[in-house]
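Colleague: To start, I am sharing the structure in question, which I have written as structure tokens.
The values are calculated or read from the model by the stated rules, or taken from the named source; none is laboratory data. This structure is a prediction, so every number in the text was calculated from the model and none was measured. FYI the Cβ positions are ideal-geometry reconstructions off the backbone, even for glycines, and counts take in every protein chain you see. Side chains included, ligands, DNA and RNA excluded: accessible areas come from the protein's heavy atoms. Shrake-Rupley method; radii C 1.70, N 1.55, O 1.52, S 1.80 Å.
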Amino acid sequence: MATFGKMTTQIDPSEAGKDFPVQTRVTFTVRNQPQTGVITKQLKNAAVVEIDENTKNAELINQSNGVVVINYKEMKKIQ
């Protein structure tokens, strides 16, 4: 039976990505503005991050649908 549109391939994150599992709170920069968010999916060299909404980033949230892909080297964990 075909599974149209459902690919379930396992992605192993790079060494840098092992420090950023799903649900990790992180800080990063988009368009020279500091942002915070939560990792929702790990990729090889980057992660999909759901951006925390605030009064200063309404335009970014609107343009990106609230998610961005950020390289592991460009993010830091929030303790």
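Colleague: Grab the strands (runs of 3 or more DSSP E) fully contained in the chain, keeping just those with 2 or more residues being of a type outside the set (A, V, I, L, M, F, W, C) and modelled with pLDDT of 95 or more.
Modeller: Working: elements: 25-30, 33-42, 46-51, 67-71, 75-77.
In the chain, the matching strands (runs of 3 or more DSSP E) lie at 25-30, 33-42, 75-77.
Colleague: I would also like to ask the following. From the set of residues in the range 35-54 that are open to solvent by less than 20 Å² (accessible area, probe 1.4 Å) and without any contact (Cβ under 8 Å) to a residue 24 or more places away in the chain, which is farthest from VAL67 (Cα to Cα)? Even if it seems obvious, please write down each step before you answer.
Modeller: Pass one, the range 35-54, residues open to solvent by less than 20 Å² (accessible area, probe 1.4 Å): 35, 37, 39, 46-47, 49, 51.
If we keep only those that are without any contact (Cβ under 8 Å) to a residue 24 or more places away in the chain as well, we get 39, 51.
Numbers: ILE39: 9, ILE51: 6 Å.
My answer is ILE39.
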